[in-house]
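Encoded as structure tokens, the structure appears first; notes follow it.
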Amino acid sequence: MLQDIRDKSQGIVVKIIVGFIVVTFALFGVDALVTSFNSSETVAEVDGVEITRTELLQSAETQRRQLISMMGGQIRPELLEDSLLQRRALDELIQRAVLTNQAADLGLGVSDAQVDSYLLQAEQFQTNGQFDQNKYLSFIQSLSFTPLAFKERIKQDVLIQQPRNAIAGSEFVLPYQVDSVSALQSQERSYDYATYSLADESEMTSVSDDELQAYYEENKESFKTPEQVKVNYVVISSSDFYGKVQVTDAELQSAYEASIAGLAKEERFASHILIDTSERSDEEAKARLDEVQAKLDSGVSFADLAAEYSDDIGSKNDGGNLGYIEKGSIDEAFDDALFSMEKDEVKSAKNPIWLSFD
């Protein structure tokens with residue numbers, strides 16, 4: 001079937017369109033011609049056409065690979081930022097949706113036979129000037145696409161190119177525009193010039209040692225060179241020691257314990273209610289604690305009780321919040337109580353202090 005189509009597809013118009021397809025392959029890569037998967041998450045809607053997040057991410061990834069392929073290691077990292085790639089990809093998908101709808105409104109279409117002829121004449125699918133089906137199938141399979149899905153994408157690309165070709169083919173210029181271009185292309189300039197030989201001038205110029213010294217003194221900065229050092233070094237690579245060093249399990253365990261010993265100590269986020277005993281007796285403090293406990297048991301929030309009963313002016317209006325406390329950094333009784341608690345537990349650290357571990 002493909003050979004029959006090829007025999008009937010030798011017209012100049014077909015060759016021009018095939019040339020466009022080939023250029024598209026070369027400049028933008030086949031990834032830009034492949035159908036995106038469906039997704040339920042819509043990032044944009046253009047003339048009733050939904051653009052999904054999956055399509056956006058795939059288009060952005062295609063652009064990433066195209067940039068890396070064209071520029072290699074010289075590409076600037078900022079050009080590969082996800083936000084920039086996705087913004088460009090979205091613009092491209094929106095433009096594509098608009099052009100597809102425009103082609104549909106104009107009643108344009110592309111037949112399967114036309115697509116077959118385009119593919120038959122694409123140079124990357126030919127061997128010795130003949131269509132190579134194995135090369136074609138290998139190519140699209142490397143992209144994880146079926147022949148049908150690939151042809152559908154090519155059909156859409158050719159479809160949206162038709163309005164562009166129509167505009168380009170029907171463009172015109174006004175007489176004054178032709179005259180302006182012609183005047184620019186045929187304009188002439190006249191000029192005078194003189195030649196100057198530095199070598200000849202040097203032969204005729206005599207400079208004394210005093211003049212040279214004076215010039216040097218006035219321009220010392222221009223004769224300076226950046227500070228330099230001479231360094232001898234030896235390159236040692238860890239790979240050079242692979243297979244040459246034997247480490248026991250005991251040594252590994254020792255190294256591990258030494259490593260974790262330097263890690264940060266445990267921290268807990270705590271709140272407290274402070275009952276100051278400097279102006280009240282222990283009995284009064286105990287009675288106040290009992291009152292707090294009774295209200296806690298009845299369902300009153302810890303934060304409300306801190307605001308009412310706590311003598312810590314720095315935390316009482318913030319629910320008794322102490323922030324994160326590192327183990328071993330505070331009073332021993334307070335520390336023991338805090339780090340023995342379960343989450344959301346409330347207990348007395350040392351009369352008259354009550355803690356809440358959040």
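The values are calculated or read from the model by the stated rules, or taken from the named source; none is laboratory data. In this text the structure is predicted, and so the values were computed from the model without any measurement. Neighbour counts run over all protein chains shown; Cβ positions are idealised from the backbone, glycine included. Side chains are part of the model used for accessible areas, which takes the heavy atoms of the whole protein and leaves out ligands, DNA and RNA. Shrake-Rupley method; radii C 1.70, N 1.55, O 1.52, S 1.80 Å.
Numerical summary
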| quantity | calculated |
| --- | --- |
| Residues satisfying the stated conditions in region 203-234, i.e. open to solvent by 100 Å² or more (accessible area, probe 1.4 Å) and assigned to a loop (DSSP other than H, G, I, E, B) | 204, 206, 224, 225, 226, 227, 228, 229, 230, 232, 233, 234 |
| Residue in region 34-43 that is farther than 22 Å from residue 154 by Cβ, at pLDDT 50 or above, surrounded by 15 or more Cβ atoms within 10 Å (Cβ to Cβ) and of a type outside the set (A, V, I, L, M, F, W, C) present | no |
| Segments classed as helices (runs of 4 or more DSSP H), wholly inside region 72-187, with at least 1 members that are open to solvent by less than 80 Å² (accessible area, probe 1.4 Å), more than 30 Å from residue 53 (Cβ to Cβ) and not hydrophobic (A, V, I, L, M, F, W, C) | 112-120, 133-142, 147-169, 175-186 |
| Region 52-105, residues that are closer than 28 Å to residue 155 by Cβ, in contact with a Lys or Arg (Cβ under 9 Å, 6 or more places away or on another chain) and modelled with pLDDT of 80 or more | 60, 85, 99 |
| Residue in region 156-170 that is over 28 Å from residue 97 (Cα atoms) and at pLDDT below 90 present | no |
| Filtered residue count, region 188-202, keeping only those that are within 24 Å of residue 223 (Cβ to Cβ) and open to solvent by 100 Å² or more (accessible area, probe 1.4 Å) | 1 |
| Count of region 235-250 residues which are open to solvent by less than 100 Å² (accessible area, probe 1.4 Å) and not β-branched (Val, Ile, Thr) | 6 |
